[in-house]
Amino acid sequence: MIPTLETTRLRLRPYREDDIAELLPLIGTREVAATTLRIAHPYTEQDARAFLALAQEPGKIWLAITLRSDGRQIGGIGLRVDDQHQHAELGYWLGVPYWGQGYATEASREMLRYGFEDLGLHRIFASHFEHNPTSGRVLMKLGMRHEGCRREHLRKWDRFVDSELYGMLRQEWENRE
Ligand SMILES: CC(C)(COP(=O)(O)OP(=O)(O)OC[C@H]1O[C@@H](n2cnc3c(N)ncnc32)[C@H](O)[C@@H]1OP(=O)(O)O)[C@@H](O)C(=O)NCCC(=O)NCCS
């Protein structure tokens, strides 16, 4: 079951088909595509439909990040769970007008809580492109550990780029300050 989660300012909830009109202009900017691996640019209605279908697959917990105050969509966040290893990869993005207000950190902290406490995961990890230190800062603020750099691990827009890997173990979550 895909959950609905709440934080002080945010509601993280399952996507619905009627989200697409609001989603397209937010996810469709070059800025959002430039630092993400799987967001196409340009991003079409067909891409959005394919994403919504993918979000139904087992192991995918993709949620719309919305503001509790007025229900507006501001971005997306997800865990890709691998049951065999009891681990999951965390990913997130926000529409440009919503950057720099702590929303990614707030949403991600709740996803970590959900992953460790509700799903009983052993490990959660995330990675970011070398040219996206903002995301590295989010992961540090969450208390994740920088585990290394996978050199030129990924290809983005015809360039090989380093991928910085971060992770947290269940015990580290339990022992956090
Ligand atoms: C990455 C992203 C999700 C960050 O969201 P956000 O809500 O702005 O992040 P937060 O406000 O929670 O935290 C950002 C932190 O990065 C810091 N920061 C901003 N620009 C920075 C830079 N160039 N270098 C280092 N840190 C930077 C901010 O100061 C803040 O840290 P602070 O609270 O200590 O001041 C958002 O920029 C985004 O959606 N980008 C496009 C998609 C993307 O890159 N997704 C992640 C893929 S790994």
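The values are calculated or read from the model by the stated rules, or taken from the named source; none is laboratory data. Since we're looking at a predicted model, the values are computed, not measured. Note that each Cβ is placed from the backbone with ideal geometry, even for glycine, and that neighbours are counted across all protein chains shown. Keep in mind that these areas ignore ligands, DNA and RNA; they rest on the heavy atoms of the full protein, side chains included. Shrake-Rupley method; radii C 1.70, N 1.55, O 1.52, S 1.80 Å.
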Coordinate range along principal axes, alpha carbons of the stretch 135-177, Å, largest first
41, 15, 11
For the chain, modelled as a Gaussian network with Cα springs under 10 Å, which listed residue fluctuates most, 83, 18, 47?
18
Interchain or sequence-distant (5+) residues whose placed amide H lies within less than 5 Å of the amide H of residue 147 are 165, 166, 167
The stretch 22-177: relative contact order in percent, alpha carbon pairs under 8 Å with at least 6 residues between
17
Charge-dipole axis of the stretch 1-159 as Lys and Arg at +1 and Asp and Glu at -1 on Cβ define it, positive-most pick from 92, 121, 134
134
If each K or R counts +1 and each D or E counts -1, the residues other than residue 79 whose Cβ falls under 15 Å of its Cβ total +1
Name the residue from 44, 81, 161 whose Cα lies farthest towards the positive end of the charge dipole of the chain, charges +1 on Cβ of Lys and Arg and -1 on Cβ of Asp and Glu.
161
Using the Kirkwood radius over Cα pairs of the chain, the Stokes-Einstein translational diffusion coefficient at 10 °C and 1.306 mPa s, in µm²/s and rounded to a whole number, is 96
What's the magnitude of the charge dipole for the chain around its Cα centre, counting Lys and Arg as +1 and Asp and Glu as -1 at the beta-carbon? Answer in Debye, nearest 20.
260
Among the helices of the chain (complete DSSP H runs), which have Cα atoms covering no less than 15 Å along the helix axis and a Kyte-Doolittle mean of at least -1.0?
103-113
With springs only between Cα atoms under 10 Å, which of 110, 147, 57 fluctuates most in a Gaussian network model of the chain?
57
Let's test this: bin the Cα-Cα distances of the stretch 49-146 at 5 Å from zero up to the farthest pair and state each bin's percent.
3, 12, 23, 24, 20, 14, 4, 0
Would you kindly give the portion of the calculated P(r) for the stretch 24-63 that falls above 17 Å, as a percent of all Cα pairs?
33
From most to least accessible, 1.4 Å probe, no ligand or DNA/RNA atoms counted, 62, 99 line up as 99, 62
For every other residue with a beta carbon closer than 15 angstrom to the beta carbon of residue 133, add +1 if it is Lys or Arg and -1 if Asp or Glu, then tell me the sum.
-2
How large a share of the accessible area of the stretch 111-177, in percent, is made up of carbon and sulfur atoms when the probe is 1.4 Å and the other protein chains stay in place?
44
With residue 142 itself left out, Lys, Arg at +1 and Asp, Glu at -1 over residues whose Cβ is under 15 Å from its Cβ give -1
Using 0.36 nm per residue, how much length does the chain from residue 146 to residue 53 gain when fully extended, once their Cα-Cα distance is taken away?
30.2 nm
Roughly how many Å² is the accessible area per residue of the chain, as a whole number, for a 1.4 Å probe?
55
